[in-house]
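Derivation of every value follows stated rules applied to the coordinates shown; laboratory data play no part. Remember, it's a predicted structure, so these values are computed and weren't measured experimentally. Don't worry about glycine lacking a Cβ; one is built from the backbone with ideal geometry, like all the others, and counts go over all protein chains shown.
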Amino acid sequence: MFGLVMQAALGELAYSSEAAERLRAELRASAAKLRSAQDDIAATKRELQEGAAARQTIEAELTALKQEQQKQSDFAARLSVYALSLTILPSDNAGVMSCPCRSHDV
C-alpha cells in the first residue's frame, strides 16, 4: 500500500513538475514577446523623432524659400517701377528723346 501511495505521489510530483516547466516556457516566451514589443516601440519612437526633425528642417527651408520669393517679388516690383521711370518718350524736339522726369535729355 505504501508503494502505491508513493507511486501516486511521485506521479503527482512529475505532473506538477511538467506543468511548472510548461508555465516557465510560456513565461519565457511571453518575456521574449514583451522585449520584442519594447524594441518595436523604441524603434517607432526614434522614427517619430527623426520624422519630426525632418519636418522642422523642411518647414525652415520652406520659410526661407518664401522669404526669398518675397524678396524677389519686391525686387521685381521695384525693377518694374524703375523701368517705367526710364521709359523714353518722344519730346517736342524731332528725334530727340527725353526722360519722363524731363530734367535732362537722353
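Each other residue within a Cβ distance under 15 Å of A29 adds +1 if Lys or Arg and -1 if Asp or Glu, for a net charge of +3.
Taking Cβ atoms as reference points and 14 Å as the exclusive limit, the residues near R46 contribute a net charge of -3, counting Lys and Arg as +1 and Asp and Glu as -1.
For segment 2-73, the convex hull spanned by the alpha carbon atoms encloses 40 Å³ per residue. Note on segment 2-73: with charges restricted to the Cβ of Lys and Arg (+1) and Asp and Glu (-1), its dipole about the Cα centre is near 160 debye.
Remark: the I58-M1 segment gains 12.1 nm on full extension, using 0.36 nm per residue and subtracting the alpha carbon distance.
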